[in-house]
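Notes for the one structure printed next.
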Amino acid sequence: MADFGGWLMPIEYPGAGVLAEHTAVRERVGLFDVSHLGKVSVTGDGALEFLNAIFTNDLNRIVDSKAQYTLLCNPDGGVVDDLIAYRNSDSDFFLIPNAANTTDVVRVLIENVPSGISVTNLHESFAVLALQGPQAVEVIRSLGINPTMDYMAFAHVSIAGCDVILCRTGYTGEHGYELVPTWSDAPVVWDALVEAMKPFDGLICGLGARDTLRTEMGYPLHGHELSLEISPVQASAGWAIGWKKESFRGSDVLQSQREAGTVRTLKALKSNDRGIPRAGMAVKAADGHEIGVVTSGTFSPSLKVGIALALLDPEYAVGDLVTIDVRGRESTATISALPFVPSHVR
Amino acid sequence: MSNIPSDLQYTKEHEWVAPTSDALRIRMGITDYAQGALGDIVYVQMPKVGESVVADKVCGEVESTKSVSEIFAPVSGTVVTINEALTNAPELINSDPYGAGWLVEIEVPSEPSGLLSAAEYGAITA
């Protein structure tokens with residue numbers, strides 16, 4: 001167990017381990033308890049306009065009953081958090097921020113909220129369970145629920161007599177669902193999902209597999225690829241920015257960064273030897289001068305090789321050879337395209 | 001409970017030492033307790049054949065999906081053989097820490113002393 005944003009979280013579960021849990025999600029199905037994630041409700045007339053003036057992405061890009069990946073930046077372009085916004089209607093949104101950043105997200109929203117709109121921290125009112133993998137669709141079907149949903153769509157369903165918001169979202173790169181029951185119903189829904197996974201040889205999975213799965217997809221993790229010091233332009237998360245919007249928190253700085261185009265940006269590295277890159281390790285060019293730093297690194301269970309995400313000087317591109325300082329040893333790596341393994345989310 | 005064979009000797013850093021047919025050569029590895037704490041092992045860096053190692057000093061490292069851990073030499077001596085199988089199958093340390101997952105054999109100038117018995121090591125990991 002490990003402390004994670006103030007929550008005691010399993011890195012892996014007994015009897016399986018990171019590699020087995022990772023493989024279950026890539027090949028069959030796995031279930032994560034990610035109830036540490038924040039939950040925030042924003043309701044009232046004008047909620048869409050309020051959130052659109054704060055978050056980077058444009059909530060007009062999605063319709064009701066769809067979710068969107070977005071960012072909350074500071075005026076200087078640093079990222080307070082990345083989060084998912086669920087649009088019930090233009091006056092009713094449900095947000096899922098990162099656990100450790102929830103109080104900051106709620107604080108920024110409350111500081112800026114106009115009268116008539118309410119922001120409610122529901123952190124311990126709802127749980128979040130993630131059912132991920134190619135067989136997730138069959139597990140949902142076996143519960144008597146129509147599993148056919150567009151990517152990023154959500155619906156209200158009933159599991160084991162409990163009301164659950166079923167979302168076609170995830171953080172693994174596999175076809176999957178995130179389920180939001182109430183906090184008190186969560187154990188019943190968890191048990192029902194564990195039982196329903198059995199015919200499909202599913203595993204319950206911890207944070208270790210969650211990290212190897214998301215790193216293989218190149219998905220950013222706040223505190224690593226995104227932070228108060230790393231802007232979304234650097235993190236290659238420009239796709240989550242509604243550039244056509246009039247303004248949002250941080251838009252001036254981000255726009256000028258985008259136009260300047262000279263900052264270190266996120267690249268993917270694949271080891272050419274047995275070295276395993278880890279966060280904080282220096283990345284060097286062939287001539288030995290430092291060109292960047294690893295933000296996340298791990299052993300890829302799918303590729304059986306070390307992989308990393310790194311912020312590198314902008315002149316380096318896919319195919320270039322670099323070296324990583326692995327505790328004093330030089331490990332060579334090649335800049336690779338993302339994702340490291342094919343995405344199956346759609 | 002981890003497995004602690006009674007016929008081996010141990011270090012407080014979770015290495016095991018086994019005698020070989022040669023009284024001045026020992027075989028070493030990491031314990032069942034250590035592999036369990038590390039989780040899935042994906043990389044081992046061992047000393048090279050011919051390299052001198054010093055008791056209680058770092059002589060390699062073992063990396064799992066979760067973390068990196070240093071390997072300490074249980075005795076002073078010269079590395080004479082390494083377990084080449086671990087290069088492509090480091091998971092042998094997880095599946096058989098006292099057997100196929102052995103790390104290296106070390107030639108020692110005299111029979112090693114100062115190691116822990118199974119009972120003493122068991123008291124540390126209890």
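Looking at segment A:147-167 only, could you name the residues that are farther than 14 Å from residue A:182 by Cβ and touching a residue at least 40 places away in the same chain (Cβ under 8 Å)? Result: A:150, A:151, A:152, A:153, A:154, A:155, A:167. Please go through segment A:247-257 and give me each residue that is surrounded by 17 or more Cβ atoms within 10 Å (Cβ to Cβ) and assigned to a helix (DSSP H, G or I), ordered by number. A:251, A:253, A:254, A:257 - these are the residues of segment A:247-257 that are surrounded by 17 or more Cβ atoms within 10 Å (Cβ to Cβ) and assigned to a helix (DSSP H, G or I). Of the helices (runs of 4 or more DSSP H) that lie entirely inside segment B:18-126, those containing 3 or more residues that are touching a Ser or Thr at 6+ places or on another chain (Cβ under 9 Å) span B:32-38, B:118-125. Residue count for segment B:81-95 satisfying the condition of being open to solvent by less than 40 Å² (accessible area, probe 1.4 Å), in contact with a strand residue (DSSP E or B) (Cβ under 9 Å, 6 or more places away or on another chain) and either more than 10 Å from every other protein chain (Cβ to nearest Cβ) or touching a residue at least 60 places away in the same chain (Cβ under 8 Å) (or both): 4.
Looking at this structure, is residue A:56 open to solvent by 30 Å² or more (accessible area, probe 1.4 Å) and either away from every other protein chain (no Cβ under 14 Å) or free of Cβ contacts under 8 Å to residues at least 40 places away in the same chain (or both)?
It is false that residue A:56 is open to solvent by 30 Å² or more (accessible area, probe 1.4 Å) and either away from every other protein chain (no Cβ under 14 Å) or free of Cβ contacts under 8 Å to residues at least 40 places away in the same chain (or both).
Is there a residue in segment A:319-340 that is of a type in the set (Gly, Ala, Ser), touching a residue at least 60 places away in the same chain (Cβ under 8 Å), touching a strand residue (DSSP E or B) at 6+ places or on another chain (Cβ under 9 Å) and open to solvent by 10 Å² or more (accessible area, probe 1.4 Å)? Yes. Out of all the residues in segment A:78-98, which are outside any strand (DSSP E or B) and surrounded by fewer than 23 Cβ atoms within 10 Å (Cβ to Cβ)? Those that are outside any strand (DSSP E or B) and surrounded by fewer than 23 Cβ atoms within 10 Å (Cβ to Cβ): A:78, A:90, A:91, A:98. Here residue A:152 passes the criteria (1) surrounded by fewer than 18 Cβ atoms within 10 Å (Cβ to Cβ); (2) under 29 Å from residue A:231 (Cα atoms) except the one numbered (1). For segment A:168-184, the tally of residues that are open to solvent by less than 10 Å² (accessible area, probe 1.4 Å) and hydroxyl-bearing (Ser, Thr, Tyr) stands at 3.
Can you work out which of the residues in segment A:18-36 that are surrounded by fewer than 23 Cβ atoms within 10 Å (Cβ to Cβ) and among the small types (Gly, Ala, Ser) is farthest from the other protein chains (Cβ to nearest Cβ)? Among those that are surrounded by fewer than 23 Cβ atoms within 10 Å (Cβ to Cβ) and among the small types (Gly, Ala, Ser), it is A:35. When segment A:312-346 is filtered for residues that are away from chain B (no Cβ under 14 Å), of a type in the set (A, V, I, L, M, F, W, C) and out of contact with any Leu (no Cβ under 9 Å at 6 or more places or on another chain), the ones remaining, listed by number, are A:317, A:318, A:321, A:337, A:345. Within segment A:59-68, count every residue that is surrounded by fewer than 17 Cβ atoms within 10 Å (Cβ to Cβ) and either outside any loop (DSSP other than H, G, I, E, B) or of a type outside the set (A, V, I, L, M) (or both). So the count comes out to 3. Filtering segment A:259-266 for residues that are surrounded by fewer than 23 Cβ atoms within 10 Å (Cβ to Cβ) and within 14 Å of another protein chain (Cβ to nearest Cβ) leaves an empty set. A search for C-beta distances below 6 Å between a residue of segment A:282-301 that is closer than 26 Å to residue B:42 by Cβ and any residue that is among the polar types (S, T, N, Q) and in a loop (DSSP other than H, G, I, E, B), counting only pairs 6+ apart in sequence or on different chains, returns A:299/B:65.
The values are calculated or read from the model by the stated rules, or taken from the named source; none is laboratory data. Predicted model only: the values in this text are computed from it and were never measured. Cβ sites come from the backbone with ideal geometry, for glycine too, and all protein chains shown count toward neighbours. Surface areas here come from the heavy atoms of the whole protein model, side chains and all, with no ligands, DNA or RNA. Shrake-Rupley method; radii C 1.70, N 1.55, O 1.52, S 1.80 Å.
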